[in-house]
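Data first, discussion second: the structure below is written as structure tokens.
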Amino acid sequence: MDNNQAEWQTVSHARKKAKKMPRPGKGNYPALSFSSGARLQSMLNLNGLRDVITYIFADGAAPSWINVMHRPQFRKIVAIMVPGLEEALFKEGVDYAAFNELRDAYVDGDEDGNIFAAKSPDDYYPRKLDKDALPEPLKPFADMFPHLWPVKTPGDEKHGKLNSPLATFLTAPPPKEKTSQKGGVKPAREPQGWKNERTRITEFLASAEELTENGYLIHPALLPEGQRRDDFVAPDGWVITRVDKLEDGNVPEAEIEQGSITAGREVLALDCEMCMTGESEFSLTRISLVDWDGNVVLDELVKPDKPIIDYVTRFSGITEEMLAPVTTTLRDIQKKLLDILHPRTILVGHSLESDTKAIQLAHPFIVDTSIIYPHPRGAPLKSSLKWLAQKYLSREIQKGGALGHNSIEDAKTCLDLVKQKCEKGKLWGASDSQGENLFRRLARAGTAYKAQGGDAALGGVEVGKTSAAVDWGDPSKGLGAGATHQLGCRSDEDVTSNVIRAVLGDEDGSVIKAGGVDFVWGRMRELEAIQGWWNKNMPDMDLDALEDADSADSSSSSSSPLEKALARLTERLVRIHAALPPCTAFIVYSGSGDPRRMAQLQQVHAQWRREYNTPGKKWDELSVKWTDVEEQALKRAVQKARAGVGFLGVK
């Protein structure tokens with residue numbers, strides 16, 4: 001080639017043009033459709049609603065309860081959470097003025113004592129929205145959505161628990177990994193994008209409230225200064241470690257070795273074995289203390305004051321022959337512990353309330369592995385130490401069979417679980433670490449298609465989806481931190497304008513690029529506040545805006561506050577819907593049902609548990625009662641709180 005004549009040329013392909021937007025009514029227009037002939041085996045779960053988003057825009061599995069037609073044609077998804085929406089609000093002829101007067105009938109029964117029957121499988125199916133049959137304020141819903149879906153919030157009616165609807169919707173499950181492992185406990189794995197956050201052990205100290213809820217005797221140092229602390233008297237036989245105030249446990253930073261996760265504290269793991277000395281009565285027969293390095297500080301057999309009626313050797317490992325020569329008593333052990341445990345000592349163990357009750361000792365600095373590694377289904381359930389060891393340490397413990405448990409082995413296992421938690425951070429072992437922030441999932445695994453055009457639209461290419469979180473207060477402090485943009489609000493009017501802004505983008509692209517983001521999540525809270533589902537004293541609640549909106553409402557003055565609030569809500573949703581570009585999926589959901597009665601009963605139950613677990617407190621001296629009547633009422637209240645609604649449509 002002649003160098004004098006040769007020239008380099010840049011050859012490039014023409015930029016792909018965005019495909020033409022499908023026209024409504026045409027065969028390739030995206031849709032979310034439900035077949036009336038479909039068979040639903042269970043009620044739609046809130047997770048299923050979220051999974052529509054991960055299927056359309058990322059790597060989620062296809063939903064089985066609804067047909068997603070022409071997935072590549074979807075341009076945007078907008079999801080609005082509206083706590084306070086209930087199916088009963090959409091019933092024909094509903095009386096909004098008297099609506100809340102009947103709110104507890106389902107739980108406590110009507111005035112004749114009749115309790116509403118459980119729902120039938122027919123209630124799994126969506127209800128077709130008939131505009132003529134809908135109450136006046138909600139008629140526009142029929143123009144935006146074909147159906148009202150009953151949506152169940154994850155929870156546990158047996159144990160009176162409702163999972164967070166916010167966390168459920170905004171936390172996507174990790175992608176399924178192929179594994180050859182069959183059965184057994186699956187070892188914990190770091191979620192996608194996980195980063196260790198080394199944390200001092202002092203961050204995991206149980207609070208006074210946590211200790212109370214778990215049945216511990218509260219050390220007086222944890223009590224607020226004043227009459228209650230001054231009047232504290234230890235129950236008969238109990239001893240209190242020599243800690244006058246919590247500050248006595250603090251170690252000056254100058255004395256703490258750099259990077260130390262023990263924060264200069266002495267950490268001792270405790271485990272005890274007990275034998276039966278009466279009906280439902282267990283007494284201490286072995287105590288083991290292990291230090292941070294795994295060295296045994298104390299390991300002694302103890303002879304109970306009362307005769308042993310069952311050695312429960314298969315669990316305790318204690319036999320009659322082992323205790324025959326023992327003369328050490330509980331009082332001897334208490335004296336040793338009072339010398340060993342000082343203000344800078346942290347006690348580590350699993351469900352230590354059982355051990356401290358057996359020793360009859362209170363200490364203010366506790367790290368309980370049953371608390372820092374919460375049960376996947378939440379309190380009051382607790383994971384066993386054996387299960388935690390299998391999942392997080394890939395270790396088999398308590399294999400003694402007829403020989404029972406080994407308290408030294410159990411204590412060392414607790415230490416290793418705490419060390420792992422300190423190395424990995426607060427989210428490790430919590431439910432949050434088992435999933436992935438929805439906004440981050442879309443950014444990581446968002447998919448583009450040829451139908452959408454643009455540089456990356458080569459067909460199923462992962463490019464990442466942009467997002468916005470629109471919420472009251474500061475969305476960056478919660479799960480909204482994972483979104484590309486966080487837009488804080490002080491009223492539902494702010495939410496409406498910011499959702500539209502996120503969908504369309506800023507004209508000059510100064511903050512949100514022109515054309516907007518791919519996924520918008522927002523939450524409206526005025527209905528929630530008016531219905532009493534939310535504390536109006538929250539710092540981010542703009543009460544003035546709420547009252548001004550109600551007083552300035554142009555609807556009939558005879559309308560109830562609830563009816564006015566529904567009219568404002570519907571008008572705002574209609575405004576958002578009108579601003580959406582074609583081929584946008586629009587989702588509105590309540591998140592849960594009415595939680596008020598559940599919250600009331602949970603408070604009564606917590607109060608009862610605190611008093612019942614107080615050593616020396618007699619059952620007939622409790623200020624509240626908790627019988628099967630209240631237990632069944634709580635289960636029904638949780639059932640009601642789990643009954644939410646959802647709406648899906650395509651603009």
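The values are calculated or read from the model by the stated rules, or taken from the named source; none is laboratory data. Being a predicted model, the structure only gives us computed values, none of them experimental. In this analysis, Cβ positions are derived from the backbone assuming ideal geometry, glycine residues included, and neighbour counts consider all displayed protein chains.
Which pairs turn up if I take residues in the stretch 472-496 that are on the phi > 0 side of the Ramachandran plot and look for partners that are among the acidic types (Asp, Glu) with beta carbon separation below 9 Å, at least 6 apart in sequence or on another chain?
473/540
Only residues that are modelled with pLDDT of 85 or more and over 22 Å from residue 360 (Cβ atoms): list them for the stretch 196-238, please.
196, 197, 198, 199, 200, 201, 202, 203, 204, 207
Scan 620, 628, 594 and give me the residue that is among the acidic types (Asp, Glu) and surrounded by 13 or more Cβ atoms within 10 Å (Cβ to Cβ).
Selected residue: 594, the only one of 620, 628, 594 that is among the acidic types (Asp, Glu) and surrounded by 13 or more Cβ atoms within 10 Å (Cβ to Cβ).
How many residues are within 24 Å of residue 399 (Cα to Cα) and surrounded by fewer than 17 Cβ atoms within 10 Å (Cβ to Cβ) when one looks only at the stretch 314-335?
Of the residues in the stretch 314-335, 6 are within 24 Å of residue 399 (Cα to Cα) and surrounded by fewer than 17 Cβ atoms within 10 Å (Cβ to Cβ).
Select from the stretch 230-275 the residues that are closer than 17 Å to residue 422 by Cβ and in a strand (DSSP E or B) and list them in ascending order.
266, 267, 268, 269
Evaluate the following for residue 521: is it assigned to a loop (DSSP other than H, G, I, E, B) and either surrounded by 24 or more Cβ atoms within 10 Å (Cβ to Cβ) or among the aromatic types (Phe, Trp, Tyr) (or both)?
No.
Within the stretch 370-460, considering only helices (runs of 4 or more DSSP H) that don't extend past its boundaries, which have at least 3 residues that are among the aromatic types (Phe, Trp, Tyr) and at pLDDT 75 or above?
Because the criterion is at least 3 residues that are among the aromatic types (Phe, Trp, Tyr) and at pLDDT 75 or above, no helices (runs of 4 or more DSSP H) in the stretch 370-460 meet it.
Within the stretch 56-79, track down each residue that is surrounded by fewer than 20 Cβ atoms within 10 Å (Cβ to Cβ) and charged (D, E, K, R).
If the condition is that a residue be surrounded by fewer than 20 Cβ atoms within 10 Å (Cβ to Cβ) and charged (D, E, K, R), then 59, 71 are the ones that fit.
For every residue, the table says whether it meets (1) of a type in the set (Ser, Thr, Tyr); (2) assigned to a strand (DSSP E or B); (3) modelled with pLDDT of 90 or more.
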residue: 582; (1), (2), (3): no, no, yes
residue: 585; (1), (2), (3): no, yes, yes
residue: 605; (1), (2), (3): no, no, no
residue: 610; (1), (2), (3): no, no, no
residue: 614; (1), (2), (3): yes, no, no
residue: 617; (1), (2), (3): no, no, no
residue: 629; (1), (2), (3): no, no, no
residue: 636; (1), (2), (3): no, no, no
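Can you tell me which of (1) surrounded by fewer than 21 Cβ atoms within 10 Å (Cβ to Cβ); (2) at pLDDT 90 or above; (3) over 29 Å from the mean Cα position of the chain (by Cα) is the one residue 102 doesn't meet?
Among (1) surrounded by fewer than 21 Cβ atoms within 10 Å (Cβ to Cβ); (2) at pLDDT 90 or above; (3) over 29 Å from the mean Cα position of the chain (by Cα), the lone unmet condition for residue 102 is (2).
Name the one entry in 98, 61, 79 that is in a loop (DSSP other than H, G, I, E, B) and not basic (Lys, Arg).
61
Answer yes or no as to whether residue 59 is at pLDDT below 90, at negative phi and of a type in the set (Asp, Glu). Outline the logic, then answer.
Details: at pLDDT below 90: yes; at negative phi: yes; of a type in the set (Asp, Glu): yes.
Spelling it out, residue 59 is indeed at pLDDT below 90, at negative phi and of a type in the set (Asp, Glu).
Can you tell me which residue among 607, 603 is outside the structural domain of residue 67 (by TED's automatic domain parsing) and under 24 Å from residue 529 (Cβ atoms)?
603
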